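The values are calculated or read from the model by the stated rules, or taken from the named source; none is laboratory data. Treat the numbers as computed from the prediction; the structure is a model and nothing was measured. Reconstructed Cβ throughout: ideal geometry from the backbone, glycine too, with neighbour counts over all protein chains shown. When the accessible area is computed, the model is the full protein with side chains, heavy atoms only, and any ligands, DNA or RNA have been set aside. Shrake-Rupley method; radii C 1.70, N 1.55, O 1.52, S 1.80 Å.
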Amino acid sequence: MGYPVTRLRRLRANERLRQMVRETRLTADDLIYPVFVTHGRGVRKAVEAMPGVYNFSVDTLLAELAEARALGVKATIIFGIPLVKDEAATEAYADEGIVQQAVRAIKKELPDLLVITDVCLCEYTSHGHCGVVKDGRVLNDPTLELLARTALSHVRAGADLVAPSDMMDGRVKAIREALDEAGYVEVPIMAYSAKYASAFYGPFREAAGSAPQFGDRKTYQMDFPNAREALREAELDLEEGADIVMVKPALAYLDVLRRVRDRFGCPVAAYNVSGEYAMVKAAAQKGWLDERAVVMEILTAIKRAGADLILTYHAKDAARWLAEEM
Ligand code: PBG
């Protein structure tokens, strides 16, 4: 039935009507707040390319997360900046590693905040790659044991969920086996399944000091023209025991997100990455974009494309704005 019987503008006439027919609703439950933790006390070091993002020490991180929690953010994902980087990524799985210390402190002070840990080696290796390097190559299988040890040490410290972001083949299986063997059969894995070799990670590498010292990550992260391959990655991760799969980055990959959501029944996460955040912040600082409006549009679009969960540095602001809209 066409015009004039049908007039789609009728349901757009006012905010009340528009709210009633809204198809996608972003809520604070969807948000996961990524944070960076470093050694020391009283540290709150700004990350230049990510206004509003800091490297925190454990004490200042607790205050930051208490504030986020009060605003309605219910989950965080932790990235660590170690004291020493070496070939074996020793601090990644050390009992007194910075992530392990942070997790213990957060679970003690803010027990109802869901704590996810990023499981990767690149912040901890001297060469900045996500795996063991030999003769200039990133080796897959020897990396798996280190990733499994890292995940297990995070869970021992109290992590509610672990999120491997390295893109080695077989890492979900290795982590699942290690957790099960230690009795942690109920701790879920959120796999960075379709993680692309993306230029949008630039600001994160400044924040985490994790840029590769030679070459790039293209032999393990996905090539950006590919989408069918993302479905194979997600399928394998699910077979290996992933509970949640992730697409990363989000904005340039909304088609991939939609395809993953349509193909699989599991919850899907999307990572609104550092470069996406930096672009919005830079334009907003120049007065070229309305930050609040643009952030809500972006996060809602990511949800509309199929994300159940969104990892975003905008989490605190978004939670505050969502509460104000209520
Ligand atoms: C670690 C990791 C990276 C990000 C999340 N985990 C960086 C990378 O792969 O180089 C990027 C997150 C962001 O850009 O916000 N492997």
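Of all the residues that make up segment 250-277, how many are surrounded by fewer than 24 Cβ atoms within 10 Å (Cβ to Cβ) and within 13 Å of the ligand (Cβ to nearest atom)?
The qualifying residues number 4.
Only one residue in Asp29, Asp59 is within 17 Å of the chain's Cα centre (by Cα), at pLDDT 95 or above and not in a loop (DSSP other than H, G, I, E, B), so which one is that?
Just a single option satisfies the conditions, and that option is Asp29.
What number of residues within segment 162-179 satisfy the criterion of being under 24 Å from Ala227 (Cα atoms), surrounded by fewer than 24 Cβ atoms within 10 Å (Cβ to Cβ) and away from the ligand (no atom under 12 Å from the Cβ)?
Qualifying residue count, segment 162-179: 3.
Every residue in segment 1-26 that is over 35 Å from the mean Cα position of the chain (by Cα) and of a type in the set (A, V, I, L, M), please.
Met1, Val5, Leu8, Leu11, Ala13
Would you confirm, using the coordinates I've provided, whether Leu238 is over 27 Å from Glu87 (Cα atoms) and more than 16 Å from the ligand (Cβ to nearest atom)?
yes
So if I check each of Ala159, Ala182, which one is buried (at least 20 other Cβ atoms within 10 Å of the Cβ), farther than 28 Å from Arg228 by Cα and either more than 10 Å from the ligand (Cβ to nearest atom) or of a type in the set (Phe, Trp, Tyr) (or both)?
Residue meeting the stated conditions: Ala159.
Does segment 308-318 contain any residue that is among the basic types (Lys, Arg) and surrounded by 19 or more Cβ atoms within 10 Å (Cβ to Cβ)?
Yes, the conditions are met somewhere in segment 308-318.
Please indicate, with yes or no, whether at least one residue in segment 199-211 is within 12 Å of the ligand (Cβ to nearest atom), over 13 Å from the mean Cα position of the chain (by Cα), over 18 Å from Thr117 (Cα atoms) and at pLDDT below 95.
Looking for residues that are within 12 Å of the ligand (Cβ to nearest atom), over 13 Å from the mean Cα position of the chain (by Cα), over 18 Å from Thr117 (Cα atoms) and at pLDDT below 95, one finds at least one in segment 199-211, hence yes.
Can you confirm whether segment 103-111 contains a residue that is small (Gly, Ala, Ser), touching a residue at least 24 places away in the same chain (Cβ under 8 Å) and either within 25 Å of Met222 (Cβ to Cβ) or crowded, with 24+ Cβ neighbours inside 10 Å (or both)?
No: zero hits.
If a residue has to be part of a strand (DSSP E or B), within 16 Å of the ligand (Cβ to nearest atom) and among the acidic types (Asp, Glu) to count, how many in segment 84-142 make the cut?
So the count comes out to 1.
Quick one: is Val280 open to solvent by less than 40 Å² (accessible area, probe 1.4 Å), in contact with an Asp or Glu (Cβ under 7 Å, 6 or more places away or on another chain) and within 16 Å of the ligand (Cβ to nearest atom)?
In short, yes.
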